Amino acid sequence: MVLADDLSGFDREPNRSRRSQFLGMPFDQVSFAHVLDELRASGTDQPARYVVTPNADHVVKLSRNSKLAFIYDDAWLSLCDSKPVWAMSRYLNGGLDHVTGSDLTAHIFKSVLRARDPVALVVANQELADAMILNYPDLRFRIHVPPARLADQRDAFEACVDFLAAEPARFAFVAIGAPQSERIAHAWSRRPGTTGTALCVGASLEFIVGLKTRAPRWMRAAGLEWLHRLMSEPRRLWRRYTLAVVPLFQLLVGQIRRSRMKRI
């Protein structure tokens, strides 16, 4: 493990030697334990870099909008957050590592962050901001709550980037939905002189403070966490999940065809 005060081997750029493409999305072949080791070595003076955790919805969005590719390509780590996508890779003998954003976030707050660490949050509502402060009083939070419909407001987007760049933080958590979170993290990482590690974590912060209930372990192990979330928030999520089924299957068929072509 690299010591926290020895960051010479860490860069903001992705490690291409451990990265592969699956269903059109770049994924890093790196274990959960190794990710935590690298994050433990992160400090506030780490050149700015960011982590994305693509799930099936991200994969489908990227397939529909290739202009999003640079966000995932430039990420320091792109981790497979989806059990169904992981299972598909196993079926094709690829075997992606499965590192969920929710598990990663929980472990960072449990075993990586230290008392008085500076942490920046970009979150969707004040309720979550207040819950984070209440649950983690030993951390030094800076929190920004952008307006709704951020994708339609360039000034509000730039305000998020300015907020992250204003002061060094050991970690920044951007949790306002995809692809807005990923766009903000990318723009921040390209600002000259920015430092720290940003993570795009979806609903992970809401899980660790109890504002949302995560799926039971047996559902996670069975690859049914998506079903639990759908049952928990049907009005918000039904369209996302139902409209992703056919495109995801089409991407899998294309991946199978490409794999067969390589064997010929």
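The values are calculated or read from the model by the stated rules, or taken from the named source; none is laboratory data. Since we're looking at a predicted model, the values are computed, not measured. Because the Cβ atoms are built from the backbone with ideal geometry, glycine has one as well, and the counts that use them run over all protein chains shown.
Here L104 does not fit the description of being crowded, with 20+ Cβ neighbours inside 10 Å, in a loop (DSSP other than H, G, I, E, B), in contact (Cβ under 8 Å) with a residue 12 or more places away in the chain and on the phi < 0 side of the Ramachandran plot.
Selection of segment 126-161 for residues being in contact with a helix residue (DSSP H, G or I) (Cβ under 9 Å, 6 or more places away or on another chain), in a helix (DSSP H, G or I) and farther than 25 Å from H107 by Cβ yields L150, A151, A156, F157, E158, C160, V161. Scanning segment 195-228 for residues that are closer than 17 Å to R142 by Cβ, of a type outside the set (A, V, I, L, M, F, W, C) and crowded, with 22+ Cβ neighbours inside 10 Å returns G196, T197. Restricted to segment 78-101, and to residues there that are assigned to a helix (DSSP H, G or I) and either touching a Phe, Trp or Tyr at 6+ places or on another chain (Cβ under 9 Å) or of a type in the set (A, V, I, L, M, F, W, C) (or both), the residue that is surrounded by the fewest Cβ atoms within 10 Å (Cβ to Cβ) is A87.
The residue that is surrounded by the fewest Cβ atoms within 10 Å (Cβ to Cβ), among those in segment 134-159 that are within 23 Å of G43 (Cβ to Cβ) and in contact with a Phe, Trp or Tyr (Cβ under 8 Å, 6 or more places away or on another chain), is R142.
Do we have any residue at all in segment 1-23 that's in a loop (DSSP other than H, G, I, E, B), among the β-branched types (V, I, T), within 24 Å of T195 (Cα to Cα) and modelled with pLDDT of 95 or more? No, segment 1-23 has no match at all.
So which pairs qualify, if the first residue must be in segment 19-40 and of a type in the set (D, E), the second must be assigned to a strand (DSSP E or B), the Cβ gap must be under 6 Å, and the two must be at least 6 apart or on different chains? Once the first residue is of a type in the set (D, E) and sits in segment 19-40, its partners that are assigned to a strand (DSSP E or B) give D28/R19; D28/L77; D28/S78. Checked against (1) closer than 19 Å to A48 by Cβ; (2) part of a loop (DSSP other than H, G, I, E, B), A165 meets all criteria but (2).
Can you tell me how many residues within segment 232-257 are over 22 Å from the mean Cα position of the chain (by Cα), at pLDDT below 75 and among the charged types (D, E, K, R)? Adding up the residues that qualify gives 1. For D37, the conditions (1) of a type outside the set (S, T, N, Q); (2) more than 27 Å from P192 (Cβ to Cβ); (3) in a helix (DSSP H, G or I); (4) at pLDDT below 95 are fulfilled apart from (4).
Conditions tested, residue by residue: (1) within 20 Å of the chain's Cα centre (by Cα); (2) at pLDDT below 95.
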site	(1), (2)
L134	no, no
R140	no, no
V145	yes, no
A151	yes, yes
D155	no, no
T194	yes, no
L199	yes, no
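Annotation note: of S63, S31, S89, the sole residue that is among the hydroxyl-bearing types (S, T, Y) and more than 20 Å from I256 (Cα to Cα) is S31. Within segment 157-179, residues that are of a type in the set (D, E, K, R) have Cβ atoms under 8 Å from residues that are crowded, with 19+ Cβ neighbours inside 10 Å and part of a helix (DSSP H, G or I) in no pair, counting only partners at least 6 apart in sequence or on another chain.
The lone criterion from (1) at pLDDT below 95; (2) surrounded by fewer than 17 Cβ atoms within 10 Å (Cβ to Cβ) left unmet by N55 is number (2). One residue stands out in segment 168-192 among those that are more than 20 Å from L62 (Cβ to Cβ) and assigned to a strand (DSSP E or B): the one that is nearest to the chain's Cα centre (by Cα), namely F173. Within segment 116-136, residues that are farther than 21 Å from P168 by Cα and free of Cβ contacts under 8 Å to residues at least 12 places away in the same chain have Cβ atoms under 8 Å from residues that are in a helix (DSSP H, G or I) and small (G, A, S) in no pair, counting only partners at least 6 apart in sequence or on another chain.
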